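First comes the structure, then the notes that go with it.
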Amino acid sequence: MSELPADPLGRLTPELLDYSTPTFSLKDDLDRLVRVSRVGAPEAVVCYCSRIVEALAADAVGQLQQESSGNMFSDLELLEHLNRLEMAVCCWADAVRRLGNQMRHVLGFVGPVEAQLSIDFAERWLKWYFCRFSHGLCLPGLTRDGEPLGLGMDHGFEPLLRSVEQLECRANNETNCPPWSEVSASAAFLQTPILPAAAAEIVLDHGQRDEALRILEASLARFPKDLRLRQLMGLYWSRMENFERALEWLEPLYAHQQPDDETAGITAAVYKRKWLKNRSDTTFLEKSHRAYRQAWKDSKKKNTWLGINAATTALYLGQRKEAADQAQDVERLLCKRAATLPEELRDPRLAFNYWDQATLAEAQLLMGDWPLAQQTYKDVFARYPERIDNIKGTCEQRGEILKALGLPPAVD
């Protein structure tokens, strides 16, 4: 293990040292982060890393001429939906957010491993914001000498983080990327649930279910109470269409007094798909609609995925006006986001990720404009041909909506 450099901030570029907002100074927070890291205060380390990610996420949203929600989860989700974040970077930033919640609400242990990973994730976030963010400063590096920042001590995580990030490259059929067996062979991989959760999310999102299951089973054996791993296992069983197994994982999480948006959305989706298998009983459809509608309200009508599914389940329940009205709310929100983006991003085909484009198509369909929706569906499928599982699910839902509206099946 190497020692922390004597003056790590002295190597920062002037742009980082000068960055501030009316309520935040990056230099001050980095200085305090170094100090608490030196004295071995992991909770304080996580706190400062979380502040740095939250402040820069809100500013990135502002740079895109959008209004920050004041909620880090929502800001990260918006940046991802506007195609500004790679999936791995979003996973790391969200991990810092979760660790911050874990520390503040005493939901789990925060120790040296979590502290070091928070620093590593925060450094990656700084690199994204200052060097790769399309509407940021696009600096060549964070330091004057071009070397890595190195705010924390070397715990051997760096090669492992790069390997997890490369899983996304391999999922996208890029070459020279390590197989899961190489990533998981490191003894550091299962020191914390954070890394296997990120790896599982990446491979599951790209349809590699066998690898996702191996990761989840190994990590849950070590961390059986971790929220994110349990969510992902529920999502895995949902993708496998084993809805009873999915609900065994998800319902205890959803029964929590204030379930988060992700738990509510995944659980509601399982209820909906369970009803689609047996339509003679609308109990699960009603549960799905209630869960989507409440989560949409709880998100202050900012989470378009929850909103569009609340609209669709309303249609399935025969509430066509409510479905159209809610779809219009979602469509307006998406169009408002696109209209207020910097000029070069205002075309939704350029601005939105797969899910927001598919959501826009679904909203147009629920509002009754099938020709326009048909073109939007065509555009999104052509732009993301590798999203095989996602396209399959979108087409299945489109078929159900067309049937509920009394329209003929789509011909792709």
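The values are calculated or read from the model by the stated rules, or taken from the named source; none is laboratory data. What you see is a predicted model, and the numbers here were worked out from it, not measured in a lab. Neighbour counts run over all protein chains shown; Cβ positions are idealised from the backbone, glycine included. Surface areas here come from the heavy atoms of the whole protein model, side chains and all, with no ligands, DNA or RNA. Shrake-Rupley method; radii C 1.70, N 1.55, O 1.52, S 1.80 Å.
Data overview
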{"item": "Criterion: under 20 Å from residue 140 (Cα atoms) and either surrounded by 14 or more Cβ atoms within 10 Å (Cβ to Cβ) or among the β-branched types (Val, Ile, Thr) (or both) - qualifying residue of 33, 16", "result": "16"}
{"item": "Residue within region 83-101 that is open to solvent by less than 10 Å² (accessible area, probe 1.4 Å), over 24 Å from residue 229 (Cβ atoms) and not β-branched (Val, Ile, Thr) present", "result": "no"}
{"item": "Answer residue from region 111-150, given it is in a helix (DSSP H, G or I) and among the basic types (Lys, Arg) and is least open to solvent (accessible area, probe 1.4 Å) among those", "result": "124"}
{"item": "Enumerated helices (runs of 4 or more DSSP H) restricted to region 11-73, each holding at least 3 residues that are touching a residue at least 60 places away in the same chain (Cβ under 8 Å) and within 21 Å of residue 110 (Cβ to Cβ)", "result": "26-38, 42-63"}
{"item": "Among residues of region 318-338, those that are at pLDDT 85 or above and within 26 Å of residue 86 (Cβ to Cβ), counted", "result": "6"}
{"item": "Complete set of residues in region 359-412 that are more than 22 Å from the chain's Cα centre (by Cα), part of a loop (DSSP other than H, G, I, E, B) and touching a residue at least 12 places away in the same chain (Cβ under 8 Å)", "result": "367, 368, 405, 407, 410, 412"}
{"item": "Residue 366 vs. criteria farther than 29 Å from residue 254 by Cα and crowded, with 19+ Cβ neighbours inside 10 Å", "result": "no"}
{"item": "Every residue from region 76-100 that is at pLDDT 85 or above, in a helix (DSSP H, G or I) and more than 17 Å from residue 120 (Cα to Cα)", "result": "76, 77, 78, 79, 80"}
{"item": "Among the residues listed as 300, 321, the single one being exposed (fewer than 15 other Cβ atoms within 10 Å of the Cβ) and in contact (Cβ under 8 Å) with a residue 40 or more places away in the chain", "result": "300"}
{"item": "Residue check for residue 222: modelled with pLDDT under 90 and either crowded, with 22+ Cβ neighbours inside 10 Å or over 30 Å from residue 312 (Cβ atoms) (or both)", "result": "no"}
{"item": "Among residues of region 62-77, those that are in contact with a Lys or Arg (Cβ under 9 Å, 6 or more places away or on another chain) and open to solvent by less than 20 Å² (accessible area, probe 1.4 Å), counted", "result": "3"}
{"item": "Residue in region 307-320 that is over 29 Å from residue 107 (Cβ atoms) and either basic (Lys, Arg) or under 18 Å from the mean Cα position of the chain (by Cα) (or both) present", "result": "yes"}
{"item": "Residue, surrounded by the most Cβ atoms within 10 Å (Cβ to Cβ), within region 258-277, restricted to residues that are polar (S, T, N, Q) and at pLDDT below 95", "result": "263"}
{"item": "Test: residue in region 34-48 that is over 16 Å from residue 114 (Cα atoms) and out of contact with any strand residue (DSSP E or B) (no Cβ under 7 Å at 6 or more places or on another chain)", "result": "yes"}
